[in-house]
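**Q** Right, I'll just put the structure down here and ask away after.
The values are calculated or read from the model by the stated rules, or taken from the named source; none is laboratory data. Quick caveat: nothing in here was measured; it's all calculated off a predicted structure. Neighbour counts run over all protein chains shown; Cβ positions are idealised from the backbone, glycine included.
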Amino acid sequence: MTFGLSESMRREVYATALALLVAMAAGSVLILIWGVSPARVYGTLLAETWGSEYGFGQVLFKATPLIFTGLAVAVAYRAGLLTVGAEGQMAAGAFATAIVAAALPADTSAAVALPLALCAGMGTGAVVGALPGWLRARFGAHEVITTIMLNFVVAALVMWAGRTGQFVTETTHTREIVAGAHLASLGLGSSAANLSFVLALIFAAGVAWFFGRTRTGFEWRLVGASASTAEASGIKVRRVIVMAMALSGALAGAVGANTVLGDKHYFEEGLARGAGFMGIAVALLGRGGPFGVVLSALLFGTLAHGGFVVNALVPRELVEVLQAVIVLTLLATSAAIRRAVTNAGGAKEGA
Amino acid sequence: MRLMPSPSEATPALELHGIDRRCGITQANDKIDLIVRRGTVHAIVGENGAGKSTLMKIAYGLMRADAGTIAINGEAIARTRHRPADALARGVGMVHQHFMLVGSLTVAENLILGHEPTRHGVLDIARAEREIAALAERYGIVVDVRARTELLSVGEQQRVEILRILWLGASILILDEPTAVLTPGEVKRLFGLLKSLVAEGKTVVLVTHKLDEVHAIADRVTVLRKGKVVAELPGDSPPEDIARAMVGRPVLLDVPKAAATAGEVVLAVSGLSVAGRAREAVSEMSFEVRAGEIFGFAGIEGNGQSELIEALAGLRPATAGSVRLRGDDVTRASVGERQQRGLGLVSEDRHRRGLALEMTITENLHLGRLAEVSRPLRLDRAAMRARTAQAIAEYTIAPADPDAVVASLSGGNQQKIVLARELSRPSLRCLLCAQPTRGVDIGAIEIIYQRLLAARSAGVAIVLVSAELSELRALADRVAVLHRGRIVEIVAGASLANPDELERIGGLMTGARA
């Protein structure tokens, strides 16, 4: 519960850094097969992401939804739940955000419009999240299956609601939101980065504080560590399951802040698609910790935008394969390396 | 059966020299020398984590030593090529703590698994049954070779395990904690069997942590501590000497107990029934426990103890009857409500009910007690730290690191955390305490006994479930004997000191009428 880098956290950082090197090496092989210099590709990738104002802004913009969904997965994971529902919760939340923000009177002030739009998104996400939580608590239905299925249901519902009146005619997007609900740009070149990145950081800090410092957070972690022990400690485990899934859904539902309030100013079908599923990878790589989630979201954001910028050197398909190879290698090797590091540190064996 | 080589009498049956084995950062075995003479019972004792099981697994070929030499019947064995099949071929057999029998098969079928006798390519089970029955008779083992093993009692299953390794030709038998699951009567039978085996020239290596057993049967005893041999003594050495060698300091085996000063009734159970997995686990049970009294439950595992404790704790619903805590009906109360009224729980399964293994000592000391350190929007971490420091000092929890993850602690230290937490509840009036010293080393047992007796003196009503009659004798004021979810008889705790009475109670536990 200390904020300084503990021994185990330092081990995590080493393992991840090492895994990143292995992943880059694996990517290099692919690039070499194509006949291009890996140094040039990686150089361009870095220069056009972290090396330029616009590129950096785009990295932040791409990382923001991943922070929200990564936190969503991490929160559930801490309480011992594996959610695959961030994709649907995100879509439902963003849709609700756009509908509410568009329905407000045109002269609504930001102080009213922003919280309302955000609450609509998070509230909708929470409801979509609480449902599989309740199914788990009440009937023992496994949340992995129910959240997967709910993603389809939610996607279909959003499309249906859109087509029956919410989408602008002949399009798959909603009306423009009112000016008061616009989230300000961060002013990084002409990038789409906006204040929702700051919001995501605040949420990450909030999640860290919640789990590290509060009684409820402690109890949720206990449920995640051992539900049977939590029960014997007098904790109402079922209630925690529903609440944790709801909070998870609320965090995923906040994605609309970035794409709807901060960038497009309307909801469009397929917006931020994949960010919900990617949140699982982000949370895994971030080891379920809020700061780990932020760091790994930034890495994934870098790869996402980096893919565009190296497009000139290598074909688009290779860029996509490269991204996938790096993510896969990273996840696989970081697990293996962590295990190796931990074993060297000494797993105790009973005698 | 195989023909065994017959080396001269002087050759040790089992000889281990300079055995080293690292498990992670711990040196589980550190240059261990062990010589087991033929035709003797050799006990290996030590606290949990002393390296007993590791050493035996190395001898049996289940684990590989990092260094050292192994010789069986004088024949050196390449350290790197020693596997259980080789060990068996050389006459070493092992009976594990958890039996390796297939429940749905008969005794004979279990024994011939992997070595099936055939005639003209067809399984000849009749011949096997005849041979096994003859072998059993030779050693005075009474068992129906056609019985399905899952229908046998634990003691019978153990004898089948022993029969199995004898059938496979073992002349050196390694038994890992064989008495952990047996009643006193069954222990007696087991020891009788082991003695007749030794008289036949077989060799027995007995891994145990019960010193009275060493005294009862062992010819020699090797004491391990922290992976090293710290003493080798004759089997009839005083238990105090062996205990001192095990722990490294003098140990008080009999904790002095003050006279009972039972006060008002704290826990009143009336007509309680609880459903079990297949049948009713607890049937119409009634008893009262007073303040300052330790009320024990003796019984073979699976006779309703677990369900009784869970029902009293609020973790399992009662199907009939009532539970009153200090006069209030709590039959339908939640776990948390019961805790607020002064109930504490030391579960028989601390890993499942008592601890969160991935969490720290500090965190585990506050499970179920967060209300005391909870402030608006935060936990009072200073208060948590202070209490952790106090518990670590009071219970000598090692390591004394508040941030150490509990999974890395020994069983004894884990149990100390549970007890420190439950016994220091400010509202504690009644403690449910199941198997408090299971998997706990001697040094910790001493502290646990002292603390439980101190709580008794302080007026806590304690329900104590234990598989160890010696534990009930040391702690309990009254003991209820359980059989099939019913209290058969309630006896005075002191009466367990009488061997005849002990025998009679052992009988009651197995269902014999008084």
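A quick yes/no check of all residues on (1) free of Cβ contacts under 8 Å to residues at least 12 places away in the same chain; (2) on the phi < 0 side of the Ramachandran plot; (3) not β-branched (Val, Ile, Thr):
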residue: A:Ala252; (1), (2), (3): no, yes, yes
residue: A:Asn258; (1), (2), (3): no, yes, yes
residue: A:Leu261; (1), (2), (3): no, yes, yes
residue: A:His265; (1), (2), (3): no, no, yes
residue: A:Val282; (1), (2), (3): no, yes, no
residue: A:Gly292; (1), (2), (3): no, yes, yes
residue: A:Phe300; (1), (2), (3): no, yes, yes
residue: A:Ala304; (1), (2), (3): no, yes, yes
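**Q** Anything in the stretch A:130-177 that is over 18 Å from A:Ala94 (Cα atoms) and not hydrophobic (A, V, I, L, M, F, W, C)? List them, or say none.
**A** Selection gives A:Pro132, A:Gly133, A:Arg136, A:Arg138, A:Gly140, A:His142, A:Glu143, A:Thr146, A:Thr169, A:Glu170.
**Q** When residues of the stretch B:376-405 are filtered for being buried (at least 19 other Cβ atoms within 10 Å of the Cβ) and either more than 35 Å from the chain's Cα centre (by Cα) or in a loop (DSSP other than H, G, I, E, B) (or both), how many remain?
**A** The total comes to 4.
**Q** Return yes or no: is A:Val207 of a type in the set (Val, Ile, Thr), in contact (Cβ under 8 Å) with a residue 24 or more places away in the chain, closer than 30 Å to A:Thr302 by Cβ and more than 8 Å from every other protein chain (Cβ to nearest Cβ)?
**A** Spelling it out, A:Val207 is indeed of a type in the set (Val, Ile, Thr), in contact (Cβ under 8 Å) with a residue 24 or more places away in the chain, closer than 30 Å to A:Thr302 by Cβ and more than 8 Å from every other protein chain (Cβ to nearest Cβ).
**Q** Can you find a residue in the stretch B:352-375 that is under 18 Å from B:Ala444 (Cβ atoms), within 9 Å of chain A (Cβ to nearest Cβ) and not in a helix (DSSP H, G or I)?
**A** Yes, some residue in the stretch B:352-375 is under 18 Å from B:Ala444 (Cβ atoms), within 9 Å of chain A (Cβ to nearest Cβ) and not in a helix (DSSP H, G or I).
**Q** Wholly within the stretch A:1-90, which helices (runs of 4 or more DSSP H) include no fewer than the required count, namely at least 1 residues that are touching a residue at least 40 places away in the same chain (Cβ under 8 Å), under 30 Å from A:Arg215 (Cα atoms) and small (Gly, Ala, Ser)?
**A** Per the criteria, A:53-78.
**Q** Could you list, in sequence order, the residues of the stretch A:8-19 that are among the small types (Gly, Ala, Ser) and out of contact with any helix residue (DSSP H, G or I) (no Cβ under 9 Å at 6 or more places or on another chain)?
**A** A:Ala17
**Q** Another one. For the stretch B:84-99, state whether one or more residues are closer than 17 Å to B:Asp20 by Cα and of a type in the set (Lys, Arg).
**A** Initial filter on the stretch B:84-99 (closer than 17 Å to B:Asp20 by Cα): none.
So far as the stretch B:84-99 goes, no, none of its residues is closer than 17 Å to B:Asp20 by Cα and of a type in the set (Lys, Arg).
**Q** Suppose we filter the stretch B:70-101 for residues that are surrounded by fewer than 17 Cβ atoms within 10 Å (Cβ to Cβ) and either modelled with pLDDT of 90 or more or in contact with a Ser or Thr (Cβ under 7 Å, 6 or more places away or on another chain) (or both); how many remain?
**A** 3
**Q** Could you go through the stretch A:20-41 and let me know if any residue there is out of contact with any helix residue (DSSP H, G or I) (no Cβ under 7 Å at 6 or more places or on another chain), at pLDDT below 95 and either basic (Lys, Arg) or within 21 Å of A:Ser191 (Cβ to Cβ) (or both).
**A** Looking for residues that are out of contact with any helix residue (DSSP H, G or I) (no Cβ under 7 Å at 6 or more places or on another chain), at pLDDT below 95 and either basic (Lys, Arg) or within 21 Å of A:Ser191 (Cβ to Cβ) (or both), one finds at least one in the stretch A:20-41, hence yes.
**Q** Just need a number here: residues in the stretch B:114-163 that are in contact with a strand residue (DSSP E or B) (Cβ under 8 Å, 6 or more places away or on another chain) and either assigned to a helix (DSSP H, G or I) or crowded, with 20+ Cβ neighbours inside 10 Å (or both).
**A** Summing the residues that are in contact with a strand residue (DSSP E or B) (Cβ under 8 Å, 6 or more places away or on another chain) and either assigned to a helix (DSSP H, G or I) or crowded, with 20+ Cβ neighbours inside 10 Å (or both) in the stretch B:114-163 gives 6.
**Q** Same structure, new question: Could you tell me whether A:Leu30 is away from chain B (no Cβ under 14 Å), buried (at least 24 other Cβ atoms within 10 Å of the Cβ) and farther than 30 Å from A:Gly133 by Cα?
**A** In short, no.
**Q** Just one of the numbered conditions (1) outside any loop (DSSP other than H, G, I, E, B); (2) more than 22 Å from the chain's Cα centre (by Cα) is not true of B:Lys416; which one?
**A** (2)
**Q** Is it the case that the stretch A:212-221 has a residue that's closer than 28 Å to B:Leu370 by Cα and not in a helix (DSSP H, G or I)?
**A** Applying the first criterion (closer than 28 Å to B:Leu370 by Cα) to the stretch A:212-221 yields A:212-221.
Cutting the leftovers down to not in a helix (DSSP H, G or I) gives us A:214.
Checked against the condition, which is being closer than 28 Å to B:Leu370 by Cα and not in a helix (DSSP H, G or I), the stretch A:212-221 yields at least one hit.
**Q** Any residue in the stretch B:287-300 that is closer than 29 Å to A:Gly80 by Cβ and surrounded by fewer than 21 Cβ atoms within 10 Å (Cβ to Cβ)?
**A** So far as the stretch B:287-300 goes, no, none of its residues is closer than 29 Å to A:Gly80 by Cβ and surrounded by fewer than 21 Cβ atoms within 10 Å (Cβ to Cβ).
**Q** Shifting gears a bit: From the list A:Gly165, A:Gly187, pick out the single residue that is under 30 Å from A:Gly51 (Cα atoms) and free of Cβ contacts under 8 Å to residues at least 60 places away in the same chain.
**A** The unique qualifying residue is A:Gly187.
Here is a yes/no grid of residues against (1) part of a strand (DSSP E or B); (2) in contact with a Pro (Cβ under 8 Å, 6 or more places away or on another chain); (3) outside the structural domain of B:Ile442 (by TED's automatic domain parsing); (4) not basic (Lys, Arg):
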residue	(1), (2), (3), (4)
B:Arg189	no, no, yes, no
B:His215	no, yes, yes, yes
B:Val230	yes, no, yes, yes
B:Ser237	no, no, yes, yes
B:Glu240	no, yes, yes, yes
B:Lys257	no, no, yes, no
B:Ser273	yes, no, no, yes
B:Phe287	yes, no, no, yes
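**Q** If I ask for residues that are in a helix (DSSP H, G or I) and in contact with a helix residue (DSSP H, G or I) (Cβ under 6 Å, 6 or more places away or on another chain), which ones from the stretch B:427-447 would you list?
**A** Going residue by residue through the stretch B:427-447, those that are in a helix (DSSP H, G or I) are B:442-447.
Listed by number, the residues that qualify are B:Ile442, B:Gly443, B:Ala444.
**Q** Residue under question is B:Val269, and the condition is that it be of a type in the set (Val, Ile, Thr), closer than 29 Å to B:Glu503 by Cα and outside the structural domain of B:Val154 (by TED's automatic domain parsing); does it hold?
**A** yes
**Q** Also, I was wondering about something else. From the list B:Thr179, B:Thr203, pick out the single residue that is farther than 16 Å from B:Ala50 by Cβ and either more than 20 Å from the chain's Cα centre (by Cα) or modelled with pLDDT of 90 or more (or both).
**A** B:Thr203
**Q** Scanning the stretch B:132-185 for residues that are touching a residue at least 12 places away in the same chain (Cβ under 8 Å) and of a type in the set (Asp, Glu), which turns out nearest to B:Glu503 (Cα to Cα)?
**A** The qualifying residue nearest to B:Glu503 (Cα to Cα) is B:Glu156.
**Q** If I ask for residues that are under 18 Å from B:Gly304 (Cβ atoms) and part of a helix (DSSP H, G or I), which ones from the stretch B:471-506 would you list?
**A** Answer for the stretch B:471-506, where residues must be under 18 Å from B:Gly304 (Cβ atoms) and part of a helix (DSSP H, G or I): B:Leu472, B:Ile505, B:Gly506.
**Q** In the list B:Leu88, B:Leu55, B:Leu62, which residue meets the criterion of being in a loop (DSSP other than H, G, I, E, B) and at negative phi?
**A** The conditions single out B:Leu62.
**Q** Could you figure out which of (1) closer than 22 Å to B:Asn364 by Cα; (2) within 23 Å of the chain's Cα centre (by Cα) isn't true of B:Leu469?
**A** Only one criterion is unmet by B:Leu469, namely (1).
**Q** Continuing with this model, one more query. Would you mind finding the one in A:Trp134, A:Trp209, A:Trp160 that is out of contact with any Ser or Thr (no Cβ under 6 Å at 6 or more places or on another chain) and surrounded by 15 or more Cβ atoms within 10 Å (Cβ to Cβ)?
**A** The conditions single out A:Trp134.
To keep it simple, each residue is scored yes or no on (1) β-branched (Val, Ile, Thr); (2) within 23 Å of the chain's Cα centre (by Cα).
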position	(1), (2)
B:Asp241	no, yes
B:Glu264	no, no
B:Val274	yes, no
B:Ser306	no, yes
B:Asp328	no, no
